[in-house]
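This report refers to the structure that appears directly beneath it.
The values are calculated or read from the model by the stated rules, or taken from the named source; none is laboratory data. The shown structure was predicted, so the numbers you read here are calculated from the model rather than taken from an experiment. Using ideal geometry, Cβ is built from the backbone for each residue, glycine included, and neighbour counts are taken over all protein chains shown. Side chains are part of the model used for accessible areas, which takes the heavy atoms of the whole protein and leaves out ligands, DNA and RNA. Shrake-Rupley method; radii C 1.70, N 1.55, O 1.52, S 1.80 Å.
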Amino acid sequence: MFTLLFALSCAPKPPEPVTAIDAPPAPPPPPAWAQPVLDAMDTSVGACDDFYQYACGGWIAKNPLPPDKAVWSRFSTMRDNNLEALKTILEKAAANPAGGDAEWAKIGHYYAACMDQPALDQSGVAALQPLLDSINTVKDQRGFMRVAAEIAAIGGDPLVSAWIDGDYKNPDESILYISQGGIALPDRDYYLQGDDDSKALRADYEKHLATMLGFAGEKEPVTMAAAVLAFETQIAEASLPRAELRDPDKTYHKIDRAGLLKLTPGLDWNAWLEVSVGKSVDISVEVPESLQKFEGIVKKARPGVLRAYLRWQAIHAMATQLGTPIYDAHFDMFNRKVLGQKEPEVRWKRCAKETDTALGEITGRYWVAEKFPGESKDKALTMIKDVEDAFVAGLPGLSWMDDPTRARAVEKKDKITNKIGYPDKWRDYSALGITPGAHAQNVVAARRFEHRRKMNQVGQPADKTEWYMTAQTVNAYYNATVNEMAFPAGILQAPFFDKAFATAINYGGMGSIMGHELSHGFDDQGRKFDGTGKMTEWWSPEVATRYEERATCVKNQFDQYQVGELNVNGSLTLGENIADLGGVRTAFRAYKARHGNDPATVSSLTEDQLFFVAYAQNWCSVASTQWEKMLILSNPHSPNALRANGPLSNLPEFATAFGCTEGQPMVRKDRCEVW
Ligand SMILES: [Zn+2]
């Protein structure tokens, strides 16, 4: 599946023999927690040849891609476990919504309505009808912008994407960010690439547009499908490639309403802002030139095409939440053809996820009570502290830094807020009405509620208690404008983290994830923000130049990797790759400081080796080729095999642990080092 650059030729080098005076006693059997680690490995592959295969080959052999998934990883197994726990909670609430408080009733009614497939099939597009009626009245770009904003409020992104974040230059105040949007396929490249596969996919997409336009009441679906595809293709052409949006210095353009109107007088932002925000706001436009081109595209389009495009955007935003024929058509295009997923997930999984999306801090409250042991929080906090200390301890060894910049890096680190497990204060859903038996209406209501909640933050100081993921999410994040890291309860579990695990496993698994998020504060984007979350130059110019050189080394490394026919995009993935490299190195230092040099305990692996095996096993996964294509074209993360092998082939600590020598594939000649 992966065409790695590494030639798989050299034999692995065994660990250094231990010189003992006496004959060593027979090794004890591995502890229970170690068995899954050993089972996931494939020791027939050399650790110095292809470490990902060595650490994950056993797991990959035992885990064919499930038919209802486009990607399957150790993250996915945890997600499915979390979902099972959620199912138990939701089924109880659905069976007895009166058996708890008002929030309990909300999740019960929401889940029950979602599970009532016959009622959903009967209602067809009824929940969208008011919006579709409103589209019928659109005569020009003025009406177009108003309805575009209404569609954005239910989860679509016609023409532009918009979100709320702290002002990069004044993070105490939240402002509105407007960027490129308007296309439904995963990336502009899907519209522009000329290979046969891409052309065939676009032909399928055009048919799908016609089907969906038919559902949305379009009179000439086939003709209009071609027109909508042409409209989106123009948007794709006018959009910048993703990698060019990564530099916050280049994408920060702050203007007010008058400035936005002056930039693109042909787009009625008054109508758009009135629906979206309803008050005067400060705005940053990511790519002013793209917006001007979008203005030209809208101006040129016939009113009938504008209406068809809006019908498509409206029904696409809700496609997974309407009756069976619409869901099936959507699944066939976007899951089967675009992502390579063979079958839909069973209904309860979709409904549990949907309830989670709509009411995630209610489901989270119940999930945490059942699944998150209190002592996990203390253990995680200790580990974060170790990782942060290790980051600071590593700074004097970085020859490219100077003392003033080192001191400011420590200052930024000291100001990081760490969020562990779940919010101190759960979100208030009392203003959101949920109607028993009306799933699609509930989805519309929940999305509007969330949209309004975010838009109300404009002009307000950043809410530092807000979580951007629910407690049961198997993921983590760093947020530069608040300078915070968050590790939801959902990820603080086996196989990444468990109180029974050896220190090497916990630090290689969860510690590396913590190191990854911490390094985001100092990757090529994060480094531009200071400890208060303000975008400002806190680096000496010479140090900044040397940093850029080191970042370029990582960019060049990943530019060389190929997966199938596609090249990894070293620019798009740069921040994540710097975070992976810094993360695993910092976590290794943290683990050594906590644990010292311990003797081998598991099978033939030393504890240092165990650390690196645990790190690589974070990334054990299988995926469809379509998923990999989507990932490479549109996602800032590198493919999983490279998230293991890429960073480790730069690390002298890894080479020492496994006795890898120069010339072997896991020892890069031009090693990159950033943090
Ligand atoms: Zn990341």
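For the reader, a short list of remarks on this structure follows.
- Evaluated at q = 0.13, 0.22, 0.23 Å⁻¹: base-10 log I(q)/I(0), Debye formula over Cα of the range 279-349: -0.66, -0.97, -1.00
- Flagged links, alpha-carbon separation over 18 Å, of 169/528; 92/349; 299/454; 262/293; 379/415: 299/454; 379/415
- Angle of helix 288-300 to the longest C-alpha principal axis of the chain, folded into 0 to 90 degrees and rounded to 10: 30°.
- Loop-exposed GluC sites (Glu not before Pro) per DSSP, neighbour cap 13 Cβ within 10 angstrom, longest uninterrupted part of the chain: 1-536
- Scaling the Cα radius of gyration of the range 570-672 by the globular reference 2.2 N^0.38 Å produces a ratio of 1.17.
- Taking every alpha-carbon pair in the range 485-612 and binning the separations at 10 Å intervals from zero gives 12, 32, 31, 22, 3, 0 percent.
- Among the trypsin sites (Lys or Arg not before Pro) in the range 468-545, those located in a DSSP loop and surrounded by at most 12 other Cβ atoms within 10 Å of their own Cβ are 499.
- Accessible surface area normalised per residue over the chain is 40 Å², counting heavy atoms of protein chains with a 1.4 Å rolling probe.
- For the range 505-547, Kirkwood radius (reciprocal of mean inverse C-alpha pair distance, Å): 11.7
- The 3J(HN,Hα) values that the Karplus relation (6.51, -1.76, 1.60; θ = phi - 60°) gives for the range 462-473 are, in residue order, 4, 7, 6, 8, 5, 9, 9, 9, 7, 4, 8, 6 Hz. Gly and Pro appear as x.
- Using R0 = 60 Å, the C-beta based FRET efficiency linking residue 669 and residue 220 works out to 0.50.
- Distance cut-off 41 Å, percentage of C-alpha pairs in the chain lying past it: 30
- Only beta bridges with both residues in the chain are counted; by DSSP, about 70 percent of them are antiparallel.
- Inter-label distance, nm, simple model (7 Å from Cα along the C-beta direction), residue 378/residue 566: 4.6
- Amide H contacts for residue 188 (H built 1.01 Å from N in the peptide plane; partners 5 or more residues away or on another chain; cut-off under 5 Å): none found.
- Each eigenvalue of the Cα gyration tensor of the range 295-445, multiplied by 5 and square-rooted, gives one semi-axis; in descending order these are 44, 27, 17 Å.
- For the range 644-656, 3J(HN,Hα) per residue [Karplus equation, 6.51 cos²θ - 1.76 cosθ + 1.60, θ = phi - 60°, Hz, x = Gly/Pro]: 7, 6, x, x, 5, 6, 9, 9, x, 4, 5, 4, 5
- Using Cβ point charges alone (K and R +1, D and E -1), the dipole size of the chain about the Cα centre works out to roughly 1220 debye.
- Listed values for the range 32-40 are Karplus-derived 3J(HN,Hα) couplings in whole Hz (6.51 cos²θ - 1.76 cosθ + 1.60, θ = phi - 60°), namely 4, 5, 7, 4, x, 5, 5, 5, 6, and x replaces Gly and Pro.
- Share of carbon and sulfur in the accessible heavy-atom surface of the range 278-394 [1.4 Å probe, %]: 52
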